[in-house]
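The values are calculated or read from the model by the stated rules, or taken from the named source; none is laboratory data. Bear in mind the structure is a predicted one, so any value in this text is a computation, not a measurement. Backbone-built Cβ (ideal geometry, glycine too); neighbour counts: all protein chains shown. Only protein heavy atoms, including side chains, enter the accessible area calculation; ligands, DNA and RNA are left aside. Shrake-Rupley method; radii C 1.70, N 1.55, O 1.52, S 1.80 Å.
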Amino acid sequence: MKSNLGMRRSFLFMPATDRPKAEKAATIEVDVVVLDLEDGTALSRKEEARQTALTILKEIAFGNRLVMVRINDLRSPFWQDDLAAFSEKMPDGIVIAKTEASSEVEMVAAYIEEQEQKLGIELGRTKLFAVIESSKGLVSIREIAMCTQTFPRLSGLIFGAEDYAGSIGATRTKEGVEILFARSRVVMFAKAFGLDAIDTIYGNFKDLAGLEVETNLVKNLGFTGKLAIHPCQVPVIHQVLRPSEKEIEEARQLINAYKDHQKNGHGVFSWNGRMIDAPNIIQAEEIIIRANLL
Ligand code: COA
Ligand code: MG
């Protein structure tokens, strides 16, 4: 098993037909490389994309980076052939586009389990991520997230803002007020079931200042990762999502102070002018967990 399965801050997408981009991705610091068989691949090139993705998996050394494949949604005529293309070699994970029902996760999970058995690889090694990007997906998100109890390979929920906005007839704005509820709902259900919460792309890839503002916003909402469409976005995402030295030091001090107060019989206490009790410690522990993983 790879050592960095916990490190999932950046997910860099590229069309699966584009081998040079995959080669580039193998040279940069990125946590997850996603070979896209869905919207990033033209309808006329689906089969070619599957074959190129398989060649990329076999021939390019990605080191510690995880390599995943985004398959077409389960209402499309493509998804079964997408999965079947990897019968000789499985990627580290499968990303399911436009997930709208728990049955979709179950079907893909069951298929992968069979595949892992056939290939004799460790059961559960191939992770699953569900993209939530429609009003129906957002309605069914509880059942989708709960699938992880039966299929622990389900590791995260990814929010897809553009398709979601289309599905509700919203107009996208820079501030994103129209997707705030959806973002928070994705985070809430991800965290309730111990899943990664991964935020949508920032489409204007030349605007790194705007990406930084947005990544800070979603970090504050509770997201632990963000999609990227261009290599230049990845360092910004890592820098924002990595807890700062100051945050880590404060979290350590807080946890120690809490332990001392607990020993002395106090569950709540005052610390640097703030009231501290159990929820603050959970937040501090989250920072330490993220820092240790990075
Ligand atoms: N992954 C890996 N490498 C990428 C990349 C990506 N997503 N996007 C660009 N690069 C590489 C290019 O291959 C190029 O490499 P080189 O310097 O070795 O030649 C370098 O980064 C600079 O690329 P640039 O010329 O700035 O970008 P572009 O104009 O060729 O492409 C996009 C712009 C948006 C078309 C491209 O970034 C892209 O395809 N992104 C992914 C889109 C996608 O998958 N969408 C669907 C899912 S949301
Ligand atoms: Mg899409």
Separation of alpha-carbon centers, the stretch 203-232 and the stretch 91-113, rounded to whole Å: 26
Heavy-atom accessible area ranking, 1.4 Å probe, most first, across E59, E100: E59, E100
Heavy atoms of E285 accessible to a 1.4 Å probe, total area in Å² rounded to 10: 80
Descending semi-axes in whole angstrom, ellipsoid equivalent of the stretch 61-187, from the Cα gyration tensor: 28, 15, 14
Rotationally averaged projected area of the stretch 10-241 (alpha carbon convex hull; nm²): 11.6
Members of K136/K226; K24/K174; K118/K191; K174/K246 lying beyond 25 Å, as alpha-carbon distances in this model show: K24/K174; K118/K191; K174/K246
Cut-off under 5 Å, modelled amide H: who pairs with K226 long-range: S10, F11, D199
The stretch 245-293: proportion of alpha-carbon pairs further apart than 15 angstrom, %: 40
Fraction of beta bridges assigned by DSSP in the stretch 139-284 that are antiparallel (%, nearest 5): 40
DSSP bridge orientation in the chain - percent antiparallel, rounded to nearest 5: 10
Nearest-10 value in Å² for the accessible area of C147, using the 1.4 Å probe: 10
For the chain, built as a Gaussian network whose Cα springs stay under 10 Å, the top-fluctuating residue of G137, G93, G166: G166
Cα-centred dipole magnitude for the stretch 1-139, charges only on beta-carbon of K, R (+1) and D, E (-1), debye, nearest 20: 340
Ellipticity estimate at 222 nm from DSSP helix runs (n ≥ 4, -39,500 (n - 2.57)) divided over the chain, nearest 500: -14500 deg cm²/dmol
